[in-house]
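A.B. asks: To start, I am sharing the structure in question, which I have written as structure tokens.
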Amino acid sequence: MTAPGSPNPVTVETFRELPTFEGLTDTQLEAIVGLAHLEEIDVGAPVLSQGGPANDMRVVISGKCRLIVGLAGNRTQHLMTLTRGEVIGWSALLDQATWLASATALKPMTVLVLDGRKLRALCDSDHDIGYRLMRNLFADVAGRLQDTRLQLLDMYSHA
Amino acid sequence: MPERIAATELNSLVSLLQADGYRVIAPTIRDGAIVYDEIASAGELPVGWTDDQAPGEYRLRRRDDSAAFGYVVGPHSWKQFLFPAREQLVTLRVRDKQPEWSAVADEGPAYAFVGVRGCDLAAIEIQDTVFTKGPFVDGRYRARRDRCLIIAVNCTEAGDLCFCASMGTGPRADGDYDLRLTEVGDELLVEAASARGRSLMDRLPTQAGGEALQVQADQAITQCGDAMGRSLNVTDLPAKLMGNLEHPRWQDVAERCLSCGNCTMACPTCFCSNITDTSILSGDETARERSWDSCFTADHSTIHGAQFRPDVKSRYQQWLTHKLATWTSQFGTSGCVGCGRCIAWCPVGIDITEEANAIAAGPGHPAPLPEPKQYEARENDGQVPVPVRVASVVRETHDTVTLTLDLPDGYQHGHGQFNMLSLPGVGDVPISVSGSNGQALEHTLRDVGKATGALADLVTGDVLGLRGPFGTAWPIEEAVGRSVVLIAGGIGLAPLRSVLREMIARHDDFPHLRLLYGTRTPNDILFSRELLGWIQNSRVRAHVTVDRGDSSWDGNIGVVTKLIRRKRLPKDGLYFLCGPEIMMHFALAELLADDVPEKNIYVSMERNMKCAVGLCGRCQYGPHFVCKDGPVFRYDQISDIFGKSGF
Amino acid sequence: MFKLASCDGCQLTLLDCEDELLAVAEAVDIVHFPEASSKVLPDGPFDVVLVEGSVSTTAQLDELRHIRACTRVLITIGACATTGGIQALRNFADHDEFVRAVYARPDYIDSLTTATPIADHVGVDFELRGCPIDKGQLIEVITALLVGRKPAIPDESVCLECKRRGTVCVVVTKNEACLGPVTHAGCGAICPAFARGCYGCFGPRERPNTRALATLLKKHGADDPEVRRHFRLFTGYSKEFREESERHE
Ligand SMILES: Cc1cc2nc3c(=O)[nH]c(=O)nc-3n(C[C@H](O)[C@H](O)[C@H](O)COP(=O)(O)OP(=O)(O)OC[C@H]3O[C@@H](n4cnc5c(N)ncnc54)[C@H](O)[C@@H]3O)c2cc1C
Ligand code: SF4
Ligand code: SF4
Ligand code: FES
């Protein structure tokens, strides 16, 4: 699953072209580098598990996973697939204890893992970083909400 | 040279016409109104009568003279003879399970219309344009029109609801008449404008010396023009109306309007029709019938899963903007001739001039409409299906099938065009060509209603009717050498498949090809085998996403717009979109946000369709007809109305 | 074919389709038809049942539920079945008083306090309007069912039929009270062709603007009780007509 012992290769370059970090200067990014490490995930392995402690936020660097919510009676709902640039587990930025969904890798993945508590603290202390990051995440959340709406509309059955 | 004739001699005109074999249709009194009907003699003209008109009111009144044409227009118009309220277009006979369609020949009489006013002459010319200026030509209409003889009358007294002077159609009856009369006292000025007219004039007991009478006639006509009961400010009217679609007056009129459709029926230019197959219980013959329809009915703007004009406001808006604005773009003239019928025969007396003047004076920026298109007229109304045999049926998903049909002789189509497929007694529906080769033609259709349901039940060897191809195609040649991205949603993959196959085959012309396809669930994926081939084919980058996946599906889950966001698409590429309108709406939003120019995007539209050839009015989309100007539109042609309610 | 509270007029329409009926008899097996034969009520199951009449008694309600349970396609025909019909007028009045005024021994009368359309009680697959129903439309519904498609019964106004047949509008020429603009087409606009206003037998059309029509009736001199009477005729219990009539209480 993860590759703990491996040295943290995260550099400012890792953040380039990830929409979540768009607009942050190199100096600002350097402050974030310290909170992050990369993990490799094999096909079929969990990226996060519903109910587990929501400690870190992840951003997909490569590969693909799917987001699943477990429902009562052993039923599951497959919500969406996530690929490069997409965020998994915003919950880590909220005062929330557990994951509300699970994610499983469909293709071998590299994910950027950010320590939620530290990232929150950084945003609190440096509002410029905080504002940028929250703005980018807000755009991401808004896009997802829009997509969810379209999924609910069941648009292909309409004209 | 104009001549003169005593008013008492009008019957000699009627007799001459009858002797020439015409059925003489003229104003005559019936049920408290001056209607148009066949007359046996001039004695049946409303001599000595006039009409008092007000919004929603019409009363006959005795005149204190014996004028033969001393009234304006009534509840009827000449369109009922040239474009009958009900008419059979095609008959179908089934012999040994083999359907045979044939056009109903026009064997109607030759009419002589007596008493055609300036407004009505203009209205006939407007309908001539609608029915005979292409791309398809209504042969029955044209035959009736060619046979008919027109005796026009200049107006010398304006009615309270008349505004032909504003519309430039009267009070002088200019245009395509044979003979023209102007009533001055107890004499009539007679002018001929055609060989048939001159021949009549030669045989009438006319006298020379028309010039003196002409002076009086001209004076009376000029006075009439100054005495119009209504007026409409036509300066830049189309753009002003289109720029004021948010005016509160629309809601105001919607509260008064019964949406009964009387205005559209009374209007001499309205041409919308419905086409239905008449039922048969026994017997082997069915007919396809055309009948007057109105944009005030729900059916007019309803397709499976959507009603584009659900409320009175949007229906009134369609009526008014079609008459006074979009018509100019469709046919090169206004759709209104200023006859005032729609004001009189509206039970609640809604006045088109009052509404249009108020709305056009609103604060909205004028929104100019496209220039009228010119069409090549063909000698054909495209209404007669040819029988084709089902060569094979492939069930694509639980509700979708692909019908492979034997290719009709000489049939050729562009990718993106559609055919009308018909089944006896059920009707016909537009279905895009989803593929073809030298021998066969494929259609992929989803079972959503009565016709598609019946089509989906066909089996190999069955025979159905096909007419087409119709509409515009994807602009393949424009795409040569450029990046091309096809974006499909649901059944929208069908019309794109045919173009994709072509582009894959011509790889050198289309080196950068992408397909983004979204559908509901993995079980709804169309052409799955072929799709897999595309995904594995290095010549095309194909991506599929579903709204709802399950554990057996390890492809993308999410809406197709998400693929657009993810795939970093070329700004200078060409985009072909086909799918539900709502999906195209959000896909367009993503592309435009990414600075893809509007003119690089093509979309395929869907509206209710009956005729498929521009004659029934059903598929109107603002200034366009989806059947003849679409279904494939370049987005900048429709961006001002796309996604707007009421269109 | 079943009947509840009604006059049999709609069934007679079916009988009136003489020639076509022969074909109907060939295409379908008619198992129960009160007007045409006296066979007792069969048990079902049925492919298609046409029901005439409104629900006026508890016994009818039970019968209706039984029919629905053993029927594939249930079609209600006529104003009674689709809107409650003329007997639904009692819905606007005090029912007990009605019964006492009409019957000597009111305690023998077991009728519900309302006469209601069938769709208020059980699921209905198609409603064919009219008082009585139109022969051509009935044939269309039956043939459509035989080919398995949706019947082509336009939900447009009576005005369109009036204009197609060239009738001169009685509202505009004579200020007649006419429900045509808000009424479902189908009859072929018979009344206006005989110089009378439409009584609304076919019930409300799609999106009827009853308010605007009421305003017109008043402009032509009707007072509230008259407006109420116009909307409360054969189909007065239909939602749109009922609501409009209530605005003029
Ligand atoms: C240009 C064009 C291409 C199309 N191509 C395809 C295709 O390739 N595959 C496919 O499955 N469907 C296609 N459609 C949609 C298809 O025509 C409708 O699903 C079909 O008309 C529904 O008819 P129905 O009788 O089964 O449904 P009902 O709901 O019973 O329809 C009743 C009537 O409404 C009209 N109508 C309903 N929906 C539509 C509609 N969407 N468009 C136009 N008229 C409609 C028709 O006149 C129809 O007879 C296309 C539509 C258009 C306009
Ligand atoms: S819109 Fe009204 S005034 Fe204009 S031509 Fe039609 S009926 Fe006459
Ligand atoms: S769409 Fe135009 S032509 Fe058709 S009924 Fe409406 S106003 Fe008349
Ligand atoms: S005009 Fe008839 S379908 Fe377009």
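The numbers here are math on the coordinates, done by the rules we state, and not lab data. If you're wondering where the values come from, they're calculated on a predicted model, not measured in any experiment. Don't worry about glycine lacking a Cβ; one is built from the backbone with ideal geometry, like all the others, and counts go over all protein chains shown.
A.B. asks: If you find the alpha carbon centre of the stretch B:563-585 and of the stretch B:366-421, how far apart are they in angstrom?
C.D. replies: One Cα centre to the other: 25 Å.
A.B. asks: Springs between alpha-carbon atoms under 10 Å, Gaussian network over chain A: tell me which of A:ALA103, A:ALA142, A:ALA45 tops the mean-square fluctuations.
C.D. replies: With Cα springs under 10 Å in chain A, the top fluctuation among A:ALA103, A:ALA142, A:ALA45 is at A:ALA142.
A.B. asks: Could you give the dipole magnitude of the protein assembly as shown about its Cα centre, charging the beta-carbon of Lys and Arg +1 and that of Asp and Glu -1, in debye to the nearest 20?
C.D. replies: Numbers: 107 positive and 136 negative charges, 314 e Å.
Dipole of the protein assembly as shown, to the nearest 20 debye: 1500 debye.
A.B. asks: While we're here: Once phi is turned into ³J(HN,Hα) by the Karplus curve 6.51 cos²θ - 1.76 cosθ + 1.60 with θ = phi - 60°, what whole-Hz value does each residue of the stretch A:71-86 show in order, with x for glycine and proline?
C.D. replies: 10, 4, x, 6, 8, 10, 10, 8, 7, 6, 10, 10, 10, 2, x, 8
A.B. asks: Net charge near A:LEU94, counting Lys/Arg +1 and Asp/Glu -1 over other residues with Cβ under 14 Å of its Cβ?
C.D. replies: -1
A.B. asks: Choose one answer from A:ARG58, A:ARG144, A:ARG132: the residue with the largest mean-square fluctuation in a GNM of chain A with alpha-carbon springs under 10 Å.
C.D. replies: In this elastic network of chain A, the residue with the biggest mean-square fluctuation among A:ARG58, A:ARG144, A:ARG132 is A:ARG144.
A.B. asks: Still on this structure, please answer the following. Could you give each residue of the stretch B:159-166 its phi-based ³J(HN,Hα) in whole Hz, using Karplus coefficients 6.51, -1.76, 1.60 with θ = phi - 60°, and x for Gly or Pro?
C.D. replies: Per-residue couplings from phi come out as x, 5, 10, 7, 8, 4, 4, 5 Hz.
A.B. asks: Nearest-5 percent of antiparallel DSSP beta bridges in the stretch B:517-641? Please list the in-between numbers first.
C.D. replies: Details: 5 of 14 bridges.
Percentage antiparallel, nearest 5: 35.
A.B. asks: Would you list, by chain and number, the lysines whose Cα falls below 26 Å from the Cα of A:LYS107, excluding same-chain residues fewer than 8 positions away?
C.D. replies: List returned: A:LYS64, B:LYS562, B:LYS567.
A.B. asks: Long-range amide H contacts for B:ALA67: which residues qualify at under 5 Å (H placed 1.01 Å from N, peptide plane, sequence gap of 5 or more or a different chain)?
C.D. replies: B:GLY48
A.B. asks: Right, next: Could you tell me, in Å, what Rg and Dmax come out for the Cα atoms of the protein assembly as shown?
C.D. replies: 34.2, 117
A.B. asks: So, one more: Could you work out, residue by residue across B:249-258, how many beta carbons of other chains sit within 10 Å of that residue's beta carbon, and then give the average as an integer? Write down the numbers at each step before the final one.
C.D. replies: On the way: counts 0, 0, 0, 0, 0, 2, 4, 5, 3, 13.
Average neighbour count from other chains, rounded to a whole number: 3.
A.B. asks: Could you work out, residue by residue across B:543-553, how many beta carbons of other chains sit within 10 Å of that residue's beta carbon, and then give the average as an integer? It would help to have the intermediate numbers written out before the result.
C.D. replies: Values: counts 0, 0, 2, 4, 11, 6, 7, 3, 5, 0, 4.
Whole-number average of other-chain Cβ neighbours for B:543-553 is 4.
A.B. asks: Return the long-range amide H neighbours of B:TYR111 (sequence gap of 5 or more, or a different chain), with a cut-off of under 5 Å between placed amide H atoms.
C.D. replies: B:ARG23, B:CYS148, B:LEU149
A.B. asks: Using helices alone, I'd like the mean residue ellipticity at 222 nm for chain B: each DSSP H run of four-plus residues gives -39500 (n - 2.57), total over residue count, nearest 500.
C.D. replies: One gets -7000 deg cm²/dmol as the mean residue ellipticity at 222 nm.
A.B. asks: For the stretch B:477-604, give the magnitude of the charge dipole about the Cα centre (Cβ charges: +1 Lys/Arg, -1 Asp/Glu; no others), in debye to the nearest 20.
C.D. replies: The calculation lands at about 300 debye.
A.B. asks: Moving on to the next point. Sorted from largest to smallest, which semi-axis lengths in Å does the alpha carbon gyration tensor of the stretch B:118-165 give for its equivalent ellipsoid, taking the root of 5 times each eigenvalue?
C.D. replies: Details: eigenvalues 143, 35, 7 Å².
Equivalent ellipsoid of the stretch B:118-165: 27, 13, 6 Å, largest first.
A.B. asks: Follow-up question, since we're still on this one. Give the long-range amide H neighbours of B:LEU486: residues separated by 5 or more places, or on another chain, with amide H under 5 Å away, using H modelled in the peptide plane at 1.01 Å from N.
C.D. replies: For B:LEU486, the qualifying residues are B:ARG514, B:LEU515, B:LEU516, B:PHE576.
A.B. asks: Given the protein assembly as shown, what percent of its DSSP beta bridges are antiparallel, to the nearest 5?
C.D. replies: 70
A.B. asks: Using a cut-off of 16 Å between alpha-carbon atoms, which lysines can reach C:LYS219, once sequence neighbours fewer than 8 places away in the same chain are excluded?
C.D. replies: Cross-link targets: C:LYS174.
A.B. asks: Along the charge dipole of the protein assembly as shown, which of B:GLY622, C:CYS80, C:LEU233 sits closest to the positive end, that is, farthest toward it, with unit charges on the beta carbon of Lys, Arg, Asp and Glu (+1, +1, -1, -1)?
C.D. replies: My answer, from the dipole projection, is B:GLY622.
A.B. asks: Also, quick follow-up: Regarding chain B, what is the average projected area of its C-alpha convex hull, in nm²?
C.D. replies: Values: hull surface 126.1 nm².
If I average the Cα hull's projected area over directions, I get 31.5 nm².
A.B. asks: In chain B, what % of DSSP beta bridges are antiparallel (nearest 5)?
C.D. replies: 70
A.B. asks: Then there's this: Starting from the Cα gyration tensor of the stretch C:158-246, multiply each eigenvalue by 5, take the square root, and state the resulting semi-axes largest first in whole Å.
C.D. replies: Gyration-tensor ellipsoid for the stretch C:158-246: 19, 15, 10 Å.
A.B. asks: Just to check, using Stokes-Einstein with a Kirkwood Rh over alpha carbon pairs, what's the diffusion coefficient of the stretch B:386-470 at 10 °C and 1.306 mPa s in µm²/s? Please list the in-between numbers first.
C.D. replies: On the way: Rh = 12.5 Å.
This corresponds to a translational diffusion coefficient of 127 µm²/s.
A.B. asks: Shifting gears a bit: Set Lys and Arg Cβ to +1 and Asp and Glu Cβ to -1, take the dipole of chain B about its Cα centre, and tell me which of B:PHE81, B:PHE131, B:SER314 lies farthest positive.
C.D. replies: Checked the options; the winner is B:SER314.
A.B. asks: Here is a further query. Which of rounded, prolate or oblate describes the stretch B:477-604 when judged by the alpha-carbon gyration tensor and an a/c cut-off of 1.5?
C.D. replies: Oblate is the answer for the stretch B:477-604, as a/c is 1.5 or above yet b/c matches or exceeds a/b.
A.B. asks: Then there's this: Running Debye on chain A with equal point scatterers at the Cα sites and no solvent, what base-10 log of I(q)/I(0) appears at q = 0.12 Å⁻¹?
C.D. replies: Computed log10 I(q)/I(0) values: -0.54.
A.B. asks: Evaluate the relative contact order of chain B (contact order divided by residue number), counting alpha-carbon pairs under 8 angstrom at least 6 apart; express in whole percent.
C.D. replies: Details: 1449 pairs, mean separation 85.5, N = 647.
Result for chain B is 13 percent.
A.B. asks: What ³J(HN,Hα) values, in whole Hz, does the Karplus curve 6.51 cos²θ - 1.76 cosθ + 1.60 give for the stretch C:158-171 when θ = phi - 60°, with x put for Gly and Pro?
C.D. replies: Whole-Hz 3J(HN,Hα) from phi for the stretch C:158-171: 4, 3, 5, 5, 4, 5, 5, 8, x, 5, 7, 4, 7, 6.
A.B. asks: Further question on the same structure: Enter the per residue convex hull volume of the stretch B:237-360, computed from alpha-carbon coordinates, in Å³ rounded to the nearest integer. Don't jump to the answer; show the numbers that get you there.
C.D. replies: Values: hull volume 17.2 nm³, N = 124.
That works out to 139 Å³ per residue.
A.B. asks: Using the 10 angstrom Cβ neighbour count as an exposure proxy, how do C:LEU74, B:LEU569 rank, fewest first?
C.D. replies: B:LEU569, C:LEU74
A.B. asks: Helix check for chain B. Which DSSP H runs span at least 15 Å along their own axis by Cα, with a mean Kyte-Doolittle hydropathy no less than 1.0?
C.D. replies: Once both thresholds are applied, what remains is B:581-593.
A.B. asks: Using only Cα atoms, what Kirkwood radius does the stretch B:3-226 have, in angstroms?
C.D. replies: Numbers: mean 1/r = 0.0536 Å⁻¹.
Hydrodynamic radius (Kirkwood, Cα pairs) of the stretch B:3-226 is 18.7 Å.
A.B. asks: Give me B:PHE470, C:PHE202 sorted ascending by neighbouring Cβ count inside 10 Å, so fewest comes first.
C.D. replies: B:PHE470, C:PHE202
A.B. asks: Counting other C-beta atoms within 10 Å, which of B:GLU255, C:GLU63 has the fewest, and how do the rest follow?
C.D. replies: Ascending Cβ contact count within 10 Å gives the list B:GLU255, C:GLU63.
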